Amino acid sequence: MAEHRRKGRARGRQVDDHAAADIKTLLGDMPRRRDLLIEYLHLIQDRYGCIHSSHAVALAAELRLAPTEVYEVATFYHHFDVIKDDAPRPPALTVRVCESVSCEMFGAEELVRDLEAGVDGTRVRVQRVPCVGRCHGAPVAVVGQRAFERADAGTVLDAVARADTAPQPTAHQTYDQYRAAGGYRLFEACVDGARDREAVIKELQDSKLRGLGGAGFPAGNKWAILRQQHAPRLLAVNIDEGEPGTFKDRHYLERDPHRFLEGMLIAAWAIDAATCYIYLRDEYAGCRETLLAELAALQARPPRPLPAIELRRGAGAYICGEESAMIESIEGKRGMPRLRPPYVAQVGLFGRPTLEHNMETLYWVRDIIERGAAWFAAHGRRGRVGLRSFSVSGRVAKPGVHLAPAGISVRELIDEYCGGMLPGHQFYGYFPGGASGGILPASLGDLPLDFDTLQPHGCFIGSAAVIVLSDHDSARAAALNAMRFFKHESCGQCTPCRVGTDKAVGLMEAPVWNQALLQDLARAMEDASICGLGQAAPNPLRCAMRYFPQEFE
């Protein structure tokens, strides 16, 4: 066949001149870097409402990549619509309705049906989507980038008619306000030599602060490990808060972004990091606007010389909450978890030693160093140490983020912080750590909520996302909802997770569960999956069978 190829003609699909001009205009004077591929794809999606194949090919040529590299990244993330040039474009406006556990409990399915009946499908599409991080306001709908909590069809349809699609501004503490209240003085003291790196790390270790993204690794120990690695070192902040039931990071970002930023800068100083990368989930459009504005103010009038700071935008992939998958995404790739070892502290971003932290972990750094480790460690119940930010949703009178002592029980959390159960509802069960943390019955409502206390019961606290079920709910239905989420969000890299979540959903949708087969499937997923998604996905189904046998009689 080669002899018939026209002489001098390049192999593969040719770049369209108009598409190439579009891409050059969109990218402007931005650097042509491979690791910024996802940022470029966002520019195309935002401008055209989709990513035409001709634009993907033109972008590949601009970056000197194979078109397949661009295509495989673009199709991996849920927020990119990749279509052929001759295919119909998606409707101009998308309304996303969260269908995760809390929103399903409060009528998300009925909301979807009402919206689908009330919109012109050629102009507006209604999508069921995973958790959008506003579980306390269930059910939630997002019109464009504007979120509506406790949404009803009338309110949402009115927003559609008015094209009310911009993200809500946040009433946060600005850079000037934060500085006036003493902000960045600790960072200045660190840079000026008034604070010693080893002493600061020791203070953090003595406080017993643990990573608040789910894994719970001691924060001070992480810093000490990074100090021993070769330079240059990097810092990556994980704000891909996609665990159903979790919204604490958004809560703090919307109110006090500079407390987190100062903690990040102190961590960067402590390990001598050259660059800080902030990875923010795409659903938090309002937080992104806040961070862009406040980072600009910080960099325009820095209290002291700053490391380089890059804000990266996620694209709708829960798996990127896993630290190595997030690092792959920051590098402009599909968010596929890496096999370990080596660990990211040794070989992380761009092959360099990387300190990876959850946003809330860094939020506490300033208070702990200024007030002393003893202040933070003095909080706690039942022998547990520190404070926990609980994202509480479900059938309670006052859902939201509640700061409470580590080791508090869910029953105490409901009664002392959440105003009790909703009228007419009796406490029935709870997720102690989001969709992956398992489900416990009310009879175990006095267990301490903290790291290492729930594992004997087949659960864990994770990101402290507590979803409260009442006698109006079904643990079996909640477990199925969670498994559907994991099926949707599996990255597909490993067979136990990719196939296991799919098979589990099918078995759990049956009128009668084959419990023996589900147990075997759960064991295979737990033992053989590469990362925590597949390993933890069976927790809710196992708990439903173990603690709620009455639902299977």
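General observations
- Region 513-524 - residue that is touching a residue at least 24 places away in the same chain (Cβ under 8 Å) and aliphatic (A, V, I, L, M) and, of those, most open to solvent (accessible area, probe 1.4 Å): A524
- Among the numbered conditions (1) open to solvent by 40 Å² or more (accessible area, probe 1.4 Å); (2) without any contact (Cβ under 8 Å) to a residue 40 or more places away in the chain, the only one that P67 does not meet is (2).
- Residues of region 41-69 satisfying the condition of being part of a helix (DSSP H, G or I) and of a type in the set (K, R): R47
- Evaluation of G383 against the conditions (1) within 23 Å of A267 (Cβ to Cβ); (2) out of contact with any strand residue (DSSP E or B) (no Cβ under 7 Å at 6 or more places or on another chain) shows that the sole unmet condition is (1).
- If you filter region 201-223 down to residues that are in a loop (DSSP other than H, G, I, E, B) and touching a Lys or Arg at 6+ places or on another chain (Cβ under 7 Å), you find that the one that is most open to solvent (accessible area, probe 1.4 Å) is F217.
- Filtered residues of region 406-423 (kept if surrounded by 20 or more Cβ atoms within 10 Å (Cβ to Cβ), more than 16 Å from S443 (Cβ to Cβ) and touching a helix residue (DSSP H, G or I) at 6+ places or on another chain (Cβ under 9 Å)): I408
- Any hit, region 362-379, residues being closer than 17 Å to K248 by Cα, in contact with a strand residue (DSSP E or B) (Cβ under 9 Å, 6 or more places away or on another chain), surrounded by fewer than 19 Cβ atoms within 10 Å (Cβ to Cβ) and at pLDDT 95 or above: no
- Failed condition for D502, given (1) more than 24 Å from G245 (Cα to Cα); (2) in contact with a Lys or Arg (Cβ under 8 Å, 6 or more places away or on another chain); (3) open to solvent by 50 Å² or more (accessible area, probe 1.4 Å); (4) not aromatic (F, W, Y): (1)
- A single entry from D29, D46, D81, D17 fulfils the requirement of being without any contact (Cβ under 8 Å) to a residue 24 or more places away in the chain, closer than 26 Å to E489 by Cβ and not aliphatic (A, V, I, L, M): D46.
- Any chance D176 is of a type in the set (D, E) and farther than 30 Å from V95 by Cβ: yes
- Test set (1) of a type outside the set (S, T, N, Q); (2) over 17 Å from M483 (Cβ atoms); (3) outside any helix (DSSP H, G or I); (4) modelled with pLDDT of 95 or more - G121 fails condition number: (4)
- Verdict on V401 being surrounded by fewer than 24 Cβ atoms within 10 Å (Cβ to Cβ), modelled with pLDDT under 95, in contact with a Phe, Trp or Tyr (Cβ under 9 Å, 6 or more places away or on another chain) and not small (G, A, S): no
- Number of residues in region 9-63 that are surrounded by 20 or more Cβ atoms within 10 Å (Cβ to Cβ), more than 19 Å from Y279 (Cβ to Cβ) and within 27 Å of the chain's Cα centre (by Cα): the value is 3.
- Exclusive hit being under 26 Å from the mean Cα position of the chain (by Cα), closer than 30 Å to L339 by Cβ and free of Cβ contacts under 8 Å to residues at least 40 places away in the same chain, set R498, R542: R498
- Residues in region 377-417 that are touching a residue at least 40 places away in the same chain (Cβ under 8 Å) and within 26 Å of the chain's Cα centre (by Cα): 21 in all.
- Scanning region 525-538 for residues that are modelled with pLDDT of 95 or more, open to solvent by 20 Å² or more (accessible area, probe 1.4 Å) and not aliphatic (A, V, I, L, M) turns up E526, D527, Q535.
- Some residue of region 342-349 being under 23 Å from P130 (Cα atoms) and crowded, with 19+ Cβ neighbours inside 10 Å: no
- Every residue from region 158-177 that is assigned to a helix (DSSP H, G or I), without any contact (Cβ under 8 Å) to a residue 60 or more places away in the chain and open to solvent by 50 Å² or more (accessible area, probe 1.4 Å): D158, A161, R162, Q177
- Taking the criterion of being within 10 Å of H136 (Cα to Cα), touching a Pro at 6+ places or on another chain (Cβ under 9 Å) and of a type outside the set (S, T, N, Q), the only residue of region 372-407 that qualifies is V392.
- If you check V119, V143, V124, V200 for being β-branched (V, I, T), under 23 Å from P302 (Cα atoms) and touching a helix residue (DSSP H, G or I) at 6+ places or on another chain (Cβ under 7 Å), only one passes: V200.
- Within region 197-217, residues that are within 17 Å of Q455 (Cβ to Cβ) have Cβ atoms under 6 Å from residues that are polar (S, T, N, Q) and part of a helix (DSSP H, G or I) in these pairs: G211/T361, counting only partners at least 6 apart in sequence or on another chain.
- Residue count, region 124-146 (criterion: open to solvent by less than 50 Å² (accessible area, probe 1.4 Å) and closer than 22 Å to A482 by Cβ): 14
- Qualifying residue in region 239-251 (condition: surrounded by fewer than 24 Cβ atoms within 10 Å (Cβ to Cβ), acidic (D, E) and at pLDDT 95 or above): no
- Taken over region 295-312, the criterion of being farther than 19 Å from A236 by Cβ, touching a Phe, Trp or Tyr at 6+ places or on another chain (Cβ under 7 Å) and open to solvent by less than 60 Å² (accessible area, probe 1.4 Å) is satisfied by A297, P303.
- Residue list for region 268-280, filter: within 21 Å of the chain's Cα centre (by Cα) and either open to solvent by less than 10 Å² (accessible area, probe 1.4 Å) or on the phi > 0 side of the Ramachandran plot (or both): C276, I278, Y279, L280
- Residue check for A477: at pLDDT 95 or above, open to solvent by 10 Å² or more (accessible area, probe 1.4 Å) and either more than 25 Å from the chain's Cα centre (by Cα) or among the hydroxyl-bearing types (S, T, Y) (or both): no
The values are calculated or read from the model by the stated rules, or taken from the named source; none is laboratory data. Predicted model, so just to flag it, every value in this text is computed and none were measured. Cβ sites come from the backbone with ideal geometry, for glycine too, and all protein chains shown count toward neighbours. We work out accessible area using only protein heavy atoms, side chains counted, and drop any ligands, DNA or RNA first. Shrake-Rupley method; radii C 1.70, N 1.55, O 1.52, S 1.80 Å.
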